[in-house]
Structures are given as C-alpha cells and as structure tokens.
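The values are calculated or read from the model by the stated rules, or taken from the named source; none is laboratory data. This structure is a prediction, so every number in the text was calculated from the model and none was measured. Here Cβ is always computed from backbone atoms with ideal geometry, including for glycine, and neighbour counts include all displayed protein chains. Surface accessibility is based on the protein's heavy atoms, side chains included, excluding ligands, DNA and RNA. Shrake-Rupley method; radii C 1.70, N 1.55, O 1.52, S 1.80 Å.
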Amino acid sequence: HRDLHSFPTRRSSDLLHGTLRQPVRWVCALVAALLIASLVGATGSLLPGWFSVVCLSLAMGAMNTTITSIGTQAVSLGFVTGDLNNIGRHAALALQRVPVPDSQGAWDTHFRRAALLAGVWMAFLFGAIFAGAATPRYGATVLVPPIVVLLAVAVAYRDGSRSFERHR
C-alpha cells in the first residue's frame with residue numbers, strides 16, 4: 001500500500017529529471033493547479049468532499065520534489081521532522097566545533113546549516129499558525145497566497161538559479 005502523495009512524488013520527480021525544459025516551473029504550476037482544484041472543490045461545488053483532500057495530498061507529494069537541497073544541505077519540504085533532527089545534529093556538531101565535511105567555504109558551518117534548516121522549519125510553523133488562525137474566518141481561500149507564490153515561481157524560475165539548486 002502506497003501513500004497517496006507518493007504517486008505525484010514519483011511523477012514530479014520524473015518531470016524534474018526528464019527531458020522537460022524548465023521542470024521546476026512545471027512542478028510549481030502543477031502544485032498551483034492542484035491547490036486551485038482543491039479550492040474549487042472546497043467552495044461548495046458539486047464535487048465530493050474527499051476531492052479536496054485528494055488534491056491537497058497530490059500537491060504535497062509533488063511539492064516534495066521541487067527543492068531537495070539548499071547548497072549541499074538536504075532539506076525536506078514534506079516531512080520537517082527530518083529537518084528538526086538535522087537542526088539538532090548540526091547544533092551539537094557546532095558546539096563541538098566539528099568542521100563540515102562537505103563545506104563550501106569558511107562561511108559554511110554547522111551553525112549556519114542549523115540556522116538555515118531552522119528557517120525552513122519556522123516558515124512551516126508560521127504557515128501552520130497563519131492557516132489555523134485564518135481558516136475559520138476565510139475558509140479554503142487561505143490557499144490563495146500559496147497559489148500566487150507558486151505561480152510567481154513558475155513564471156520567474158530559471159534553471160540557472162542557485163536558490164533552487166538540486167541535491168545530487
């Protein structure tokens with residue numbers, strides 16, 4: 001039995017590693033389309049209630065493949081518990097003054113990597129707090145800001161951008 005979001009993870013990974021030009025743009029557009037479909041499904045249309053859950057699960061699976069690293073530091077967008085583990089590991093190694101094995105320069109330290117992962121984790125935390133506070137008042141329209149951001153990335157992204165560098 002496979003999780004519902006594993007299928008789009010495999011398919012969007014195929015997009016990223018296939019021959020498609022500007023694959024991150026396509027995956028971001030796909031995730032935005034799935035969020036739009038979920039929004040439509042949640043706004044009282046004729047679609048069954050489970051439709052939005054399916055669309056959100058598919059979007060989460062596809063999103064997992066868009067950013068897998070920042071520089072040489074692996075990040076997880078779908079399961080931030082791995083990021084929490086890495087924050088603790090990097091913090092402990094920073095306190096012991098252990099050098100980073102794959103350091104990209106003197107500035108690339110365990111403390112910097114812990115801070116980078118903490119930033120990713122805090123973005124998820126603040127997003128969850130915002131969505132939890134806004135959903136009772138605004139309902140499914142809380143999906144509009146992420147849709148706008150994903151569409152902006154889909155339009156503006158260029159393969160040479162270092163901010164979306166893939167982990168190899």
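Mind putting a number on the dipole of region 84-159 about its Cα centre? Charges go on the C-beta only, +1 for Lys and Arg and -1 for Asp and Glu, and I need it in Debye to the nearest 20. Write out the running numbers ahead of the final one.
Numbers: 6 positive and 3 negative charges, 35 e Å.
Dipole about the Cα centre, nearest 20: 160 debye.
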Original post:
Tell me, what ³J(HN,Hα) does each residue in region 121-137 have, in order and in whole Hz, if you take phi through Karplus 6.51 cos²θ - 1.76 cosθ + 1.60 with θ = phi - 60° and put x for Gly and Pro?
Top reply: 5, 5, 4, 5, 4, 5, x, 5, 5, 4, 5, x, 6, 8, 4, x, 8
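Working with all protein chains in place, sort Y157, Y138 by solvent-accessible area computed with a 1.4 Å probe, largest first.
Values: Y157 15, Y138 130 Å².
Order by accessible area, largest first: Y138, Y157.
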